[in-house]
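Asks: Attaching a single structure in structure tokens format; questions to follow.
The values are calculated or read from the model by the stated rules, or taken from the named source; none is laboratory data. Quantities reported herein were computed from a predicted structural model and do not represent experimental measurements. Ideal geometry is used to build each Cβ from the backbone, glycine not excepted, and the neighbour counts take in all protein chains shown.
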Amino acid sequence: MSLSFRSFNVLYIDPPWQYKNKKTGGSHTSGAAQKYDILSIADIKGLPISRIMDPAGSVCFMWITMPLLIDGTGPDVMRAWGFKPKAGLCWDKTAFGTGYWFRGQMEVLMFGIRGRVPAWRTSVRNYYSEPRSSHSRKPFYYRRLITEVTRLHKMTRRVEIFATTKAWNWTSWGNALDGRDIRDVLSEVTGAQPIGASSRLDRTLPHPIHGVRVKRLHPGRSKDEGRHRTSSQETTAA
């Protein structure tokens, strides 16, 4: 793979967040840690994202759940990558999910900027409703929205991290594509060793959705375990 540092100006990312509560919901089988392996907050913050993004002007779209938005985790991670949080878009899943205080039905796509990015003043609404499908999969609507709004502002060097599908005119990295650990991909691209990479020395298992190998955090085994690999894939126009 050959990519120069800071070669992208659009980032779309859906991190595999770790929660303090590993089981939620009445059945105690509905939390994220019951569905797939997750990555610690420190490991996510330690990804060398800033090295692949243009410091002169780039944007970040990052998925975050309400608890991690409220406790400041989302903004902290975005700042660690070199972005200033600016706004957010809300996805209404049309059906309630997990939660101790309230059952979650909304997820937020945080938006941040780096460098000189004038306000877009777009007419796009920050609310969209679509039933959720499989766990953690996001509507294709959002990638299309990002593609269109960034194209209008001449930002076309796009990368999706923890991707589950390839997209035209995007560079896509994620375990659902070709089996590479996302930290290895970023290390190869940037020459930087991500913080937390030492966790590879522990027993690791493949993340069926997001593309990182992480230490198993609970004794149960995912039904998808052993059937998935971690990956990266680039998709560009011919």
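Asks: If I go through segment 53-96 residue by residue, how many of them are at pLDDT below 90 and within 21 Å of LEU39 (Cα to Cα)?
Replies: Looking only at that region, the number is 0.
Asks: Could you please give the count of residues in segment 59-93 that are among the acidic types (Asp, Glu) and in contact (Cβ under 8 Å) with a residue 12 or more places away in the chain?
Replies: 2
Asks: Still on this structure, please answer the following. Name the one entry in ARG79, ARG114, ARG121, ARG125 that is among the charged types (D, E, K, R) and part of a helix (DSSP H, G or I).
Replies: Matching residue, one of ARG79, ARG114, ARG121, ARG125: ARG79.
Conditions tested, residue by residue: (1) within 20 Å of ARG158 (Cβ to Cβ); (2) touching a strand residue (DSSP E or B) at 6+ places or on another chain (Cβ under 7 Å); (3) surrounded by 15 or more Cβ atoms within 10 Å (Cβ to Cβ); (4) without any contact (Cβ under 8 Å) to a residue 60 or more places away in the chain.
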residue	(1), (2), (3), (4)
ILE41	no, no, yes, yes
GLY57	yes, yes, yes, no
ALA95	no, no, no, yes
GLY115	yes, yes, yes, no
TYR128	yes, yes, yes, yes
PHE140	yes, no, no, yes
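Asks: A follow-up question, please. Pick out the one residue from GLY88, GLY99 that is surrounded by 16 or more Cβ atoms within 10 Å (Cβ to Cβ), among the small types (Gly, Ala, Ser) and over 16 Å from PRO139 (Cβ atoms).
Replies: GLY99
Asks: Something else about it: Scan segment 149-162 and give yes if some residue there is aromatic (Phe, Trp, Tyr), out of contact with any strand residue (DSSP E or B) (no Cβ under 7 Å at 6 or more places or on another chain) and either over 23 Å from GLY115 (Cα atoms) or modelled with pLDDT of 85 or more (or both), otherwise no.
Replies: Within segment 149-162, not a single residue is aromatic (Phe, Trp, Tyr), out of contact with any strand residue (DSSP E or B) (no Cβ under 7 Å at 6 or more places or on another chain) and either over 23 Å from GLY115 (Cα atoms) or modelled with pLDDT of 85 or more (or both).
Asks: Out of ARG121, ARG137, ARG114, report the one residue that is at pLDDT 95 or above and among the charged types (D, E, K, R).
Replies: ARG114
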